[in-house]
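Participant: Let me begin by handing over the structure; questions about it come next.
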Amino acid sequence: MARKIITEKEKKKRRKKILIIFLFILIILGVGGYFGYKYIDKKLHPVAIEVKELDKVETKDYDYGYRLTDLDSKYYQEEFKKLKDILTKDEVDFEAYATQMAKCFAIDLYTINTKLNKYDIGGQEVMYSEDQEDFGKFIINNTYDHVIDNTYGDRKQDLPEVTNVNVVSTEQVKYLLGEKKVDAYLVKMELTYKGTKAKPELSVVIVKEKDGKKLGIVDVQDTLKGKYEK
């Protein structure tokens, strides 16, 4: 049998093919090594989520203390802007203020999938100032007690998200605040959560703070049937 003679031209083709394969392998190893390094580095040196403030509610003379961040849901961001519009007008419509604040409260409190941890309490800033601390403790130990920490963005947990709040009614009522009956707003709502057809009910009572400019929530009930003196 005659032996096949490999020409110099064929040898160059083979060397070129081997070189291309070798370079291709180096590229794959390099890219894989880079992403592997980034993955390991991220695990060994995790970077905490940086919360950025997007907006706030204040006028020339008054800061309401309401803040919007990039972690808040799109729905909450939309409703927050409506609240800001109400509060930055020359004359504030307090009934519209109470209604919109109640909506924002319901969204922020019960949209838990945006919270960094159980200490990241939604709706606390719209509670009546004297009740904020006790409200925070209650939420941490009850509503948010199961929330896994997400400081580094690695949480794998299904948590609730409010996608709609339907205001059933807003009524003017009298409320016993301490030993004094004061004017108040009773806002009744139905909530819609992502992935469920259930319509949980929520009622909140809202009064004016002592400065007469800001409103605060003094009572929260998961029903539309709470009875208050009108």
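Participant: At 222 nm, what helix-only mean residue ellipticity would the chain give, in deg cm²/dmol to the nearest 500, using -39500 (n - 2.57) for each DSSP H run of four or more? Provide the component values of the computation, followed by the final result.
Facilitator: Values: 4 runs with 78 residues, N = 230.
Theoretical 222 nm ellipticity from helices: -11500 deg cm²/dmol.
Participant: Hey, can you grab everything whose amide H is under 5 Å from the amide H of Lys214? Only 5+ residues off in sequence or another chain; H modelled, so Pro and N-termini drop out.
Facilitator: Amide H to amide H, under 5 Å and 5 or more residues apart or across chains, Lys214 pairs with Glu209.
Participant: Another question, then. With log10 I(q)/I(0) by the Debye sum over Cα atoms at q = 0.08, 0.10, 0.17 Å⁻¹ in mind, check (1) -0.51, -0.61, -1.25; (2) -0.43, -0.57, -1.27; (3) -0.26, -0.41, -1.27 and report the label derived from this structure.
Facilitator: Given (1) -0.51, -0.61, -1.25; (2) -0.43, -0.57, -1.27; (3) -0.26, -0.41, -1.27, the structure-derived one carries the label (2).
Participant: Evaluate 2.2 N^0.38 Å with N set to the residue count of segment 98-140, then give the Cα radius of gyration divided by it. Write out the running numbers ahead of the final one.
Facilitator: Values: Rg = 10.2 Å, N = 43, 2.2 N^0.38 = 9.2 Å.
Taking N as the residue count of segment 98-140, the ratio is 1.11.
Participant: Here's something else I'd like to know. Quick check for me: using +1 on Lys/Arg Cβ and -1 on Asp/Glu Cβ, what's the dipole size of segment 53-221 about its Cα centre, in debye to the nearest 20?
Facilitator: Working: 25 positive and 34 negative charges, 80 e Å.
Result for segment 53-221 is approximately 380 debye, rounded to the nearest 20.
Participant: A further question on this structure: Using the structure shown, select from Lys84/Lys137; Lys60/Lys81; Lys81/Lys156; Lys60/Lys188; Lys60/Lys137 the pairs with a Cα to Cα distance greater than 26 angstrom. Present the calculation step by step, with values, prior to reporting the outcome.
Facilitator: On the way: Lys84/Lys137 28 Å; Lys60/Lys81 18 Å; Lys81/Lys156 30 Å; Lys60/Lys188 32 Å; Lys60/Lys137 33 Å.
Over 26 Å apart, Cα to Cα: Lys84/Lys137; Lys81/Lys156; Lys60/Lys188; Lys60/Lys137.
Participant: Right, another one. Which residue, Ala198, Ala106, Ala96, has the most motion in a Gaussian network model of the chain that connects Cα atoms within less than 10 Å?
Facilitator: Of Ala198, Ala106, Ala96, the Gaussian network model singles out Ala198 as fluctuating most.
Participant: So, one more: May I ask which residue of His146, Phe22, Val204 lies farthest towards the positive end of the charge dipole of the chain, with charges of +1 (Lys, Arg) and -1 (Asp, Glu) on Cβ and the Cα centre as origin?
Facilitator: Phe22
Participant: What's the extension gain from Gln157 to Lys60 if we count 0.36 nm per residue and subtract their Cα-Cα distance? Don't skip to the answer; put the middle values down first.
Facilitator: Details: separation 97, 0.36 × 97 = 34.92 nm, distance 4.20 nm.
Taking Gln157 through Lys60 to full extension adds about 30.7 nm, to one decimal.
Participant: Between segment 94-116 and segment 152-199, how many Å separate their Cα centres?
Facilitator: Between the Cα centres of segment 94-116 and segment 152-199 lies a distance of 7 Å.
Participant: Another one. Which helices, taking whole DSSP H runs in the chain, have alpha carbons extending 27 angstrom or more along the helix axis plus mean Kyte-Doolittle at least 0.0? Could the numbers behind the result be given before it?
Facilitator: Values: long enough: 8-44 (53 Å, 0.08).
Span-like helices here: 8-44.
Readers should treat all values here as calculations from the given coordinates under stated rules, not as data from a laboratory. This structure is a prediction, so every number in the text was calculated from the model and none was measured. Here the Cβ is made from the backbone with ideal geometry for all residues, glycine too, and neighbour counts use every protein chain on show.
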